[in-house]
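Below is one structure, written out as structure tokens; the observations come after it.
The values are calculated or read from the model by the stated rules, or taken from the named source; none is laboratory data. Just so it is clear, the model here is predicted, and its values are computed rather than measured. Note: ideal-geometry Cβ built from the backbone for every residue, glycine included; neighbour counts use all protein chains shown.
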Amino acid sequence: MNYRKDIQILRGIAVFLVVLYHLGFTGFNSGFLGVDVFFVISGFLMSVLYDENNKMEFFKKRSLRLLPAYFITIVATLIVSVFIVTPNEYSQVFDQSLYADLFASNIGFWMQNSYFSKAEFNPLLHLWSLGVEIQFYLLIPIIFYFINGNKYIFSLILLASLLLCFTIVGVSPKTSFFMMPLRLWEFLIGYGIAKYLTDNGGITNKFSWVGSLFLFIIIAIPMLDVNGEALGFINGHPGIYALFIAISTGIILSTGIKGVIADSKFGTFLELIGRYSYSIYLVHFPVIVLFLYKPFSGTNLQSDNFIDVLILIVTITILSYAMYHLVEVKLRKSRNIKSLLIMSPILVLTLAFSGFFIQSHIYTNKEMLIFNSFKDRSTYRCGKIFRILNPTSITCEITNSTESKNHNILLVGNSHADSIKSSFASVAGTMNSSLYFLVPNNPLIKNSNIKVKNILDEALKYNIKSIILHYSPSSIEISEIRKMAEQANKKNIHVGIIMPVPTWDEHIPQVLWENFKYNKKLPKQTLDDYEEKNKELYSSLNSIKENNFSIYPVSSYLCSSECSFVNNTGRPLYFDSGHLTLTGGDKLYGLFESIVNDGQTFNP
């Protein structure tokens, strides 16, 4: 295939959109769709470059093309992180580097959270797409064996991947987002264009005006309203918009673009950006995240300070230029490159583990107790694996089910219920009871699709005798709680609500660290303050007179004259401003014993 300027222009547009999206520029809210453009281009080029009779040469060239800059990015991020971030954030960088070392970043982030969540510190988040791409390359011999020259099988695999992607995005958008099999259709669109609509990647430019039209559609990506976390393929991602972008990219690859556009100053500029696109993509994200880093604040991507944005753009430009010329061009042509690539995964592991040793000498034991609060929590809801293996189930059992229990309890609530479930399950298990947990995190909350009927149906399905509710103060809907008590009473089911735990205006681990480091004043909340704050809520709940309904105060477990946020060894009871750690949940053991006992002795 001869050099195609239009492909470099497409790359330039794609990386431009992604970078501006990550920099938080207004009007680029859907810039992440640039990655879909990259996937289609990759599928197109693999159709041209892959030689079934010389597989090892293909993998050698792909490795030399991608891996030197890839590993440099991981190593540089690790080194910088050791010295500028706290152990809490470094442990997250450590995990990300291990997954990246195995070319499985996408799987690691799928297990963590949504791509669009900023709660975690993720300077290597952008490597998810490289994970998907490298996994595609590794499977190319198998994929091409089945589809090469067989349009029927090709179409079947493409449609199966597309339909599965669109189905799963209605259940778990992040699964469709991160998992290679659910992105395979994008690569196959590129493959199909190269295989069936071009001469081994070459084109005649006869219909270049069509490609030019769709080029402007690609440029208009930021104007699309795409909600990456929405359920369903209509508004969610990857969905209809991703399909539209993939088809538009495929059309451009099949027709090219008019010379008057490609040869213009604008086209030449985009071609230049396209040439540097891989280095820009690798460099930009960790630079932004590390530059805007603030302890305990997750991933910060946006700055309202124009000077900071300008510094970021200049830094990204300089480092991308250096990465391209020193690594992409020069290093990969070195005679020692094979040895360096073999050693790179070992170097990443060595640096990653060394970081903990270095930080253990930077921070005190007291600081480490504070930082460890972020690990002092259980798996989110019922865990990722349960959600995938049981996509239609909204209830899981979290006690050990190997022994028969005489009493079943269902815990229902938002993230505050999630933070106490492990301690509750531990107590229930010792008292010969089973604890079940509702998967959705918004039951009985305003505008939730999980209503009283849904919960009671689950209770009957699992022979539940007690339904226990727990929420943050602002999430409690009294009318729904009342309805739950009334309808559960008709089915002889006990209903209890655990009062909200004390919440704080401050992020507890952060303020503890700042108190230790900078002598910042610690927050204070008395028992009277807590009771006054929840007085109206307690009164409203007391108006529910059903004989199956119980209210469980938490104040005596977490407050004496003042409410606590650390235990007697200095371990935080909260991992943010309102969610209990496992250590905090353990403070409620006596409460859980009372709840289980009430349920077991409930006599309708």
* Exactly one of (1) in the same structural domain as I467 (by TED's automatic domain parsing); (2) modelled with pLDDT of 90 or more is unmet by I388. Its number? -> (2)
* Asked: Does F285 satisfy the criteria of being within 30 Å of the chain's Cα centre (by Cα) and over 28 Å from L64 (Cβ atoms)?
  -> no
* Filter result for I134 (in a helix (DSSP H, G or I), without any contact (Cβ under 8 Å) to a residue 40 or more places away in the chain and over 12 Å from the mean Cα position of the chain (by Cα)) -> no
* Within the stretch 523-542, which residues are of a type outside the set (K, R) and without any contact (Cβ under 8 Å) to a residue 40 or more places away in the chain? -> Q525, T526, L527, D528, D529, Y530, E531, E532, E536, Y538, S539, N542
* Identify, please: which residue in the stretch 45-75 is buried (at least 18 other Cβ atoms within 10 Å of the Cβ) and among the small types (G, A, S) and is, among those, modelled with the highest pLDDT? -> A69
* **Odd one out for L582 among (1) touching a helix residue (DSSP H, G or I) at 6+ places or on another chain (Cβ under 7 Å); (2) aliphatic (A, V, I, L, M); (3) closer than 30 Å to S479 by Cα** => (3)
* Within the stretch 554-570, track down each residue that is under 27 Å from S466 (Cα atoms) and exposed (fewer than 14 other Cβ atoms within 10 Å of the Cβ). => S556
* Please list, ordered by first then second residue, the pairs with beta carbon atoms under 6 Å, 6 or more apart or interchain, first in the stretch 153-178 and over 11 Å from P238 (Cβ atoms), second of a type in the set (A, V, I, L, M, F, W, C) and not in a helix (DSSP H, G or I). => G170/L231
* **Any helices (runs of 4 or more DSSP H) falling wholly within the stretch 319-424 and containing at least 2 residues that are more than 30 Å from N515 (Cβ to Cβ)** => 337-360, 384-389
* Structure fact -> Here the qualifying pairs (Cβ atoms under 8 Å; residues six or more apart or on different chains; first in the stretch 42-60 and farther than 14 Å from K195 by Cα; second β-branched (V, I, T)) come out as F58/I140
* Pairs where the first residue, in the stretch 429-449, is farther than 12 Å from L469 by Cα and of a type in the set (D, E) and the second is modelled with pLDDT under 90 and not in a loop (DSSP other than H, G, I, E, B), C-beta under 6 Å, 6+ apart -> none
* Mind listing just one residue for me: the one in the stretch 292-311 that is assigned to a loop (DSSP other than H, G, I, E, B) and aromatic (F, W, Y) and, of those, nearest to I508 (Cα to Cα)? => F296
* Asked: Could you say which residue among K265, K294 is of a type in the set (D, E, K, R) and under 23 Å from D95 (Cβ atoms)?
  -> K294
* Structure fact -> From the option list F154, F116, F121, single residue qualifying as out of contact with any strand residue (DSSP E or B) (no Cβ under 6 Å at 6 or more places or on another chain), of a type in the set (A, V, I, L, M, F, W, C) and buried (at least 21 other Cβ atoms within 10 Å of the Cβ) is F121
* To do: Any chance you could count how many residues in the stretch 505-531 are touching a strand residue (DSSP E or B) at 6+ places or on another chain (Cβ under 7 Å) and surrounded by fewer than 19 Cβ atoms within 10 Å (Cβ to Cβ)?
  => 4
* Structure fact -> Residues in the stretch 310-340 that are over 12 Å from P68 (Cα atoms) and buried (at least 17 other Cβ atoms within 10 Å of the Cβ) total 4
* To do: Filter the stretch 1-60 down to residues that are among the charged types (D, E, K, R), more than 28 Å from Y115 (Cβ to Cβ) and in a helix (DSSP H, G or I), then give me how many there are.
  => 5
